[in-house]
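All remarks here apply to the structure that follows.
The values are calculated or read from the model by the stated rules, or taken from the named source; none is laboratory data. Computed from a predicted structure; not experimentally measured. Because the Cβ atoms are built from the backbone with ideal geometry, glycine has one as well, and the counts that use them run over all protein chains shown. SASA here: full protein model, heavy atoms, side chains in, ligands and nucleic acids out. Shrake-Rupley method; radii C 1.70, N 1.55, O 1.52, S 1.80 Å.
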Amino acid sequence: MATILDGRVARDEIALRLAGQIKSEKLSPKLVIIQVGDNPASTAYIRQKKLFGARIGAVVEHLTFPTTVNEARIITAIETANRDNAV
């Protein structure tokens, strides 16, 4: 007999575990999301990542850029995030 995995249950269990670990170890994790353009599907996905981050006690920084942004600006944003030890 096959077992059906309920993604919401798995998500909730993972969130509870991560929130406990973040709190008990006094961590301050940070996620930086870089979005170019305004694709509604991407925006909805990012909104869920922000909610999950808030739920577990993580900082979520959402950087948005227009589709006209130049490549150098995106590279700078990535390099800045890479230098941040909290990310």
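Which residues in the range 44-59 place their backbone N less than 11 Å from a point set 7 Å from the Cα of Ala19 along the Cα-to-Cβ direction?
In the range 44-59, the label zone of Ala19 (backbone N under 11 Å from the point 7 Å along Cα→Cβ) covers 52-58.
Give the residue from Ala10, Val36, Ile78 lying farthest towards the positive end of the charge dipole for the chain; charges sit on Cβ (+1 for Lys and Arg, -1 for Asp and Glu) and the dipole is referred to the Cα centre.
Ala10
Below 8 Å between Cα atoms, with a sequence gap of 6+, how large is the relative contact order for the chain in percent? Don't skip to the answer; put the middle values down first.
Numbers: 72 pairs, mean separation 31.0, N = 87.
Worked out over the chain, it gives 36 percent.
Please work out the Cα center distance from the range 47-87 to the range 1-32, rounded to the nearest Å.
What the calculation gives is 21 Å, centre to centre.
From the helices alone, meaning DSSP H stretches of at least four residues, give me the mean residue ellipticity at 222 nm for the chain, per-run term -39500 (n - 2.57), in deg cm²/dmol to the nearest 500. Working shown, then result.
Working: 3 runs with 48 residues, N = 87.
Value at 222 nm, helices only, nearest 500: -18500 deg cm²/dmol.
Would you mind telling me the share, in percent, of accessible area of the chain contributed by carbon and sulfur at probe 1.4 angstrom?
57
Quote the charge dipole size of the chain about the Cα centre in Debye, to the nearest 20; the model charges only the Cβ of Lys and Arg (+1) and of Asp and Glu (-1). Please list the in-between numbers first.
Working: 12 positive and 9 negative charges, 55 e Å.
Roughly 260 debye for the chain.
Roughly how many nanometres apart are two label points built 7 Å out from the Cα toward the Cβ at Lys49 and Ser28?
2.2
For the chain, count all C-alpha to C-alpha pairs, find those more than 15 Å apart, and express that count as a whole percent of the total.
Here the long-distance tail beyond 15 Å is 67 percent of all Cα pairs in the chain.
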